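Asker: Would you mind keeping the following structure in view while I ask a few things?
All of the numbers you see were taken from the coordinates with simple rules; none came from a lab. Since we're looking at a predicted model, the values are computed, not measured.
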């Protein structure tokens, strides 16, 4: 059995501050697993306030230090920024040598800028995060447009993108991914009241119906296609899943995904056609997927 005697690895950690030692320039972080790290800080250690997707600094601490021969910069940083009982995140390097470990902090992320609430406990945090995501989705899909129609989704919506966020040559539009986009836009409208997000969600719902909805011949049950594909030969619908073990079947989870965006959209609009689609899809669940005791409905 080989024993590792020396190890150096970049290791992010998050946990509660248990104690701090200003004289030796370290503080102890206890992670959720119960593991404790002595986190050492240095003149090059950065203290950053947690930022949201908008990349704006929320550092609000007012530090007015007086030069002192009795304390170091590291000691002052510990006194000003690190408090016992606070949740804190650290990026750093863990060194192990013959059973002895040491953690050197590169960046300490402060999750609040003063004694009181964490940044993510404020209402603006989640509203701002959702607005940033929803605006990015719409900007990437539709550019400078601020109103959206069914045809915009038909022409520009893609599921498969490359590492640069650009579409592949195959024009695949998966229903489940579209439904989750509609859910996100509807949620963004609930949090912000921005008409742009409602407009995008409405156009997405219209396209989901137009492109993916399929009713049974008697109108009792609603099914949803797996995807639409376009190639040089034309556009064709795909009802059955193409994923791994589910290939060639109509899996229940994909049909459930179809309702995610519709249900959230219905919450903000009370649109009767949306409710009708949801109801007939659930009827399909009960008739074709439900497992009853001893096979009896």
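Asker: What does the helix-only formula give at 222 nm for the chain: each DSSP H stretch with n ≥ 4 adding -39500 (n - 2.57), the total divided by the residues, and the result rounded to the nearest 500 deg cm²/dmol? Can you show the working numbers first?
Answerer: Details: 7 runs with 107 residues, N = 297.
Value at 222 nm, helices only: -12000 deg cm²/dmol.
Asker: Right, next: Please report, in cubic angstrom per residue, the volume enclosed by the convex hull of the alpha-carbon atoms of the chain.
Answerer: 252 Å³
Asker: In degrees from 0 to 90, rounded to the nearest 10, what is the angle of the helix 123-142 Cα long axis to the longest principal axis of the chain?
Answerer: 50 degrees
Asker: Let me have the relative contact order for the chain, percent, based on Cα pairs under 8 Å that are six or more residues apart.
Answerer: Value for the chain: 14 percent.
Asker: Over 23 Å, how big is the tail of the calculated P(r) for segment 122-295, in percent of all Cα pairs?
Answerer: 44 percent
Asker: Here's something else I'd like to know. Output needed: percent of Cα pairs per 5 Å distance bin for segment 181-245, bins running from 0 to the one holding the longest distance.
Answerer: Bins of 5 Å from zero give 4, 15, 17, 17, 17, 15, 10, 5, 1 percent of pairs.
Asker: Take every Cα pair under 8 Å in segment 122-295 that's 6+ residues apart, average their separations, divide by the length, and report that relative contact order as a whole percent.
Answerer: Relative contact order, segment 122-295: 21 percent.
Asker: Compute a Gaussian network model of the chain, connecting alpha carbons closer than 10 Å, and tell me which residue from 96, 175, 133 fluctuates the most.
Answerer: Sorting by GNM fluctuation, first place goes to 96.
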